[in-house]
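**Q** One structure coming up, written as structure tokens, with questions to follow.
The values are calculated or read from the model by the stated rules, or taken from the named source; none is laboratory data. Fair warning: this is a prediction, and the values are worked out from it, not measured in the lab. Cβ atoms come from the backbone with ideal geometry, glycine included; neighbour counts cover every protein chain shown.
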């Protein structure tokens with residue numbers, strides 16, 4: 001396909017031959033319209049796994065469509081939800097069912113040299129506020145790049161979800177674990193690894209954007225039932241995400 005700077009009409013003709021309809025009706029098309037159509041084709045090829053990525057993890061990849069191969073994708077399950085909803089429990093159950101588990105908090109803990117929950121939360125909020133959320137996601141990815149099935153524990157921001165969709169395409173399955181405040185408060189009170197009060201965490205900056213992930217989820221799991229319900233859900237996910 002020629003670049004639009006060489007010949008916009010020739011590019012439109014190539015897009016028509018590719019299979020797009022409505023480009024051979026005699027009407028002239030703007031540069032922006034042709035750009036949008038070309039980008040849609042690249043996006044379709046990426047979604048189907050028919051592409052090559054030119055670049056690296058740090059700067060990102062230029063996606064070049066191909067027609068003769070399909071890139072294998074790792075199956076990625078990301079788990080989001082408010083604290084004490086049961087995200088880590090589900091992630092641990094998927095881990096014993098063959099998924100490679102990774103947590104955003106473990107990357108931050110390595111940076112700080114501590115696993116103190118308050119320190120991890122404050123540093124996570126600082127990284128996000130300073131525009132380093134994508135960098136943090138890349139650090140998480142580096143730990144599981146060679147795995148065939150991955151479960152990502154602790155997705156907190158919409159850009160986290162977008163990052164994993166960019167990496168896995170349709171193989172990204174988004175779970176939002178839900179439990180009402182009374183249930184979460186009871187679970188939180190049983191923890192002995194933090195001195196923070198429930199309301200302090202519930203009103204923290206990092207919790208404010210979590211609800212946005214509910215609307216992006218592939219499925220919302222109500223985790224207010226017994227443990228065997230979580231296990232059954234993990235079994236179902238493990239079977240459906242090869």
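**Q** What number goes with the only condition from (1) farther than 14 Å from residue 206 by Cβ; (2) modelled with pLDDT under 95 that residue 150 does not pass?
**A** (2)
**Q** Please give the strands (runs of 3 or more DSSP E) falling wholly within region 58-139 in which 3 or more residues are touching a residue at least 60 places away in the same chain (Cβ under 8 Å) and in contact with a helix residue (DSSP H, G or I) (Cβ under 9 Å, 6 or more places away or on another chain).
**A** Where strands (runs of 3 or more DSSP E) fall fully within region 58-139 and carry at least 3 residues being touching a residue at least 60 places away in the same chain (Cβ under 8 Å) and in contact with a helix residue (DSSP H, G or I) (Cβ under 9 Å, 6 or more places away or on another chain), they are 75-80.
**Q** Here is a follow-up. Among the residues of region 90-100, what is the count of those that are crowded, with 18+ Cβ neighbours inside 10 Å and within 26 Å of residue 186 (Cα to Cα)?
**A** 4
Every residue, every condition in (1) surrounded by fewer than 18 Cβ atoms within 10 Å (Cβ to Cβ); (2) more than 24 Å from residue 178 (Cα to Cα); (3) in the same structural domain as residue 164 (by TED's automatic domain parsing), yes or no:
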{"position": "81", "(1), (2), (3)": "no, no, yes"}
{"position": "84", "(1), (2), (3)": "no, no, yes"}
{"position": "107", "(1), (2), (3)": "no, yes, yes"}
{"position": "113", "(1), (2), (3)": "yes, yes, yes"}
{"position": "121", "(1), (2), (3)": "no, no, yes"}
{"position": "134", "(1), (2), (3)": "yes, yes, yes"}
{"position": "138", "(1), (2), (3)": "yes, yes, yes"}
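**Q** Only residues that are in a loop (DSSP other than H, G, I, E, B) and within 12 Å of residue 37 (Cβ to Cβ): list them for region 1-15, please. First the steps, then the outcome.
**A** Applying the first criterion (in a loop (DSSP other than H, G, I, E, B)) to region 1-15 yields 1-7.
Correct list: 1, 4.
**Q** Another question, then. Name the residue, out of 144, 177, that is within 19 Å of residue 71 (Cα to Cα) and in contact (Cβ under 8 Å) with a residue 40 or more places away in the chain.
**A** Answer to the check: 144.
**Q** Which ones in region 199-242 are closer than 17 Å to residue 181 by Cβ, assigned to a helix (DSSP H, G or I) and more than 20 Å from the chain's Cα centre (by Cα)?
**A** 199, 200, 201, 202
**Q** Filter region 226-242 down to the residues that are surrounded by fewer than 13 Cβ atoms within 10 Å (Cβ to Cβ) and either modelled with pLDDT under 90 or on the phi > 0 side of the Ramachandran plot (or both) and list them by number.
**A** Of everything in region 226-242, just one residue is surrounded by fewer than 13 Cβ atoms within 10 Å (Cβ to Cβ) and either modelled with pLDDT under 90 or on the phi > 0 side of the Ramachandran plot (or both), namely 242.
**Q** Restricting to region 10-47, and then to whatever is exposed (fewer than 15 other Cβ atoms within 10 Å of the Cβ) and touching a helix residue (DSSP H, G or I) at 6+ places or on another chain (Cβ under 6 Å), can you tell me which residue is nearest to residue 166 (Cα to Cα)?
**A** 47
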